[in-house]
Amino acid sequence: MPTRRYLIASGAASAVTPGLIRSALASLSVASPWPDRTVHMVVPLAAGGPTDVNARVVAEQLAKIWGQQVVIDNKAGAGTNIGNAFVAHSDPDGYTLLFGTSSLASNGALYRSLDYSPIADLGPVSLVARFPFFMFVPNSSPAKTIPEFVDYAKAQPGKLIMASPGTGSGPHLAELLFLQMAGLQMTHAPYRGAAPAFTDLIPGRVHCYFGSGELLTFSRSGQVRVLASTGAKRSSAAPDVPTVAESGVPGYVVDSWQGVFAPAKTPNEIVQKISRDLATALAEPSLVEKLGRNAYTVGSSSPDELAKFLKTDTEKWEAVIKTTGIKID
């Protein structure tokens, strides 16, 4: 017959065994390499546009570093909010990332309600690039300069169509600020990214579009005309293109950016690894050269640096949105 002492000891052992097993499994889990399977990078805009193109270039470099596939998932719509929210609500395991845009700095103030918080529900990983926008018009437009476009639009208040890659997107806000500072009225036509917008811009179904330097290929090939850039100074990628400010709208400056984010509760060791690996990927000369041709200034950052950058940019756009009275239901 087992003794009382034996029964107590065996009962205690059975009680702690599951805990010990869970602890051992957790240790094994932490020690396992990351990533050990496919990583998904969500682009909150349509395939074929400049954000999508850059994301694929970055993903290709990360795949080489990780030895795993990095798949681009395009989840366009609602001014990038569909894709942003998808990542914000995803499992925080590092296998779902967001190739975020500057809309993260404005959506909180721009939309009356969001089902995610750009700052609380998304964790910054690294900045990827900063860049100006360029103002494009169809070849059929009578405007060859900003002053000529202003005169053209003022002669037809509300009749010309201004396209954007989505309501509340970076280009949309740049366009709204331009309209406000130039004293223009135009009708807004939101698209699910730059690619479908250019499908209508080229034949003149819309009258202007603000987009990133990736779209300079269309003006270089003669399919559209570029009037100006939104930066504080001319871009080295298009030195002959004047800025909006020097073309008759003094004080107008808009710079945009792209960066990588993860769900907010992603373990810090995974976030730091992704950030370090992104720094390696973004230092690849072929990547820097390819993005540089399209007016992107490539540069990584730490997660903390991106968090501070996002906070500063959010405060800037909140002030602009408050001044202009822009709100989206």
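The values are calculated or read from the model by the stated rules, or taken from the named source; none is laboratory data. Given the structure is predicted, the values throughout are model-derived calculations rather than measurements. Cβ coordinates were reconstructed from backbone atoms using ideal geometry, including for glycine residues, and neighbour counts include every protein chain displayed. What goes into the accessible areas is simple: the full protein's heavy atoms, side chains included, and nothing from ligands, DNA or RNA. Shrake-Rupley method; radii C 1.70, N 1.55, O 1.52, S 1.80 Å.
At a glance:
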read-out	value
Subset tally (residues that are open to solvent by 20 Å² or more (accessible area, probe 1.4 Å) and either without any contact (Cβ under 8 Å) to a residue 12 or more places away in the chain or among the aliphatic types (A, V, I, L, M) (or both)) for the range 258-268	2
Candidates Leu114, Leu127, filtered to the one that is part of a loop (DSSP other than H, G, I, E, B) and within 18 Å of the chain's Cα centre (by Cα)	Leu114
Filter result (of a type outside the set (Gly, Ala, Ser), open to solvent by 50 Å² or more (accessible area, probe 1.4 Å) and farther than 30 Å from Thr280 by Cβ) within the range 127-142	Asn139, Pro142
Failed item in (1) surrounded by 21 or more Cβ atoms within 10 Å (Cβ to Cβ); (2) farther than 21 Å from Ala55 by Cβ; (3) charged (D, E, K, R), with Glu214 passing the rest	(2)
Selection status of Ser164, modelled with pLDDT under 95, within 20 Å of Trp317 (Cα to Cα), of a type in the set (Ser, Thr, Tyr) and touching a His at 6+ places or on another chain (Cβ under 7 Å)	yes
Selection from the range 143-180 of residues that are among the polar types (S, T, N, Q), open to solvent by 10 Å² or more (accessible area, probe 1.4 Å) and touching a residue at least 40 places away in the same chain (Cβ under 8 Å)	Thr145, Thr167, Gln180
Number of the exception - Val288 against (1) touching a strand residue (DSSP E or B) at 6+ places or on another chain (Cβ under 9 Å); (2) open to solvent by 30 Å² or more (accessible area, probe 1.4 Å); (3) within 20 Å of Val58 (Cβ to Cβ); (4) in contact (Cβ under 8 Å) with a residue 24 or more places away in the chain	(4)
Cross-chain or 6+ apart pairs with Cβ under 7 Å, the range 71-82 first and closer than 14 Å to Thr96 by Cα, then assigned to a helix (DSSP H, G or I) and open to solvent by 20 Å² or more (accessible area, probe 1.4 Å)	Ile72/Arg56; Lys75/Ile82; Lys75/Phe86
The listed residue being loosely packed, with under 13 Cβ neighbours inside 10 Å, among the β-branched types (Val, Ile, Thr) and closer than 18 Å to Leu127 by Cα, out of Thr323, Thr312, Thr297, Thr280	Thr312
Considering residues of the range 241-257 that are of a type in the set (Val, Ile, Thr) and open to solvent by less than 10 Å² (accessible area, probe 1.4 Å) only, the residue nearest to the chain's Cα centre (by Cα)	Val254
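So that you can scan it fast, the table gives a plain yes or no per residue for (1) in contact with a strand residue (DSSP E or B) (Cβ under 6 Å, 6 or more places away or on another chain); (2) of a type outside the set (S, T, N, Q); (3) modelled with pLDDT of 95 or more:
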| residue | (1), (2), (3) |
| --- | --- |
| Ile65 | no, yes, yes |
| Asn74 | yes, no, yes |
| Gly83 | yes, yes, yes |
| Val87 | yes, yes, yes |
| Pro92 | yes, yes, yes |
| Leu97 | yes, yes, yes |
| Val128 | yes, yes, yes |
| Pro132 | yes, yes, yes |
| Ser140 | no, no, yes |
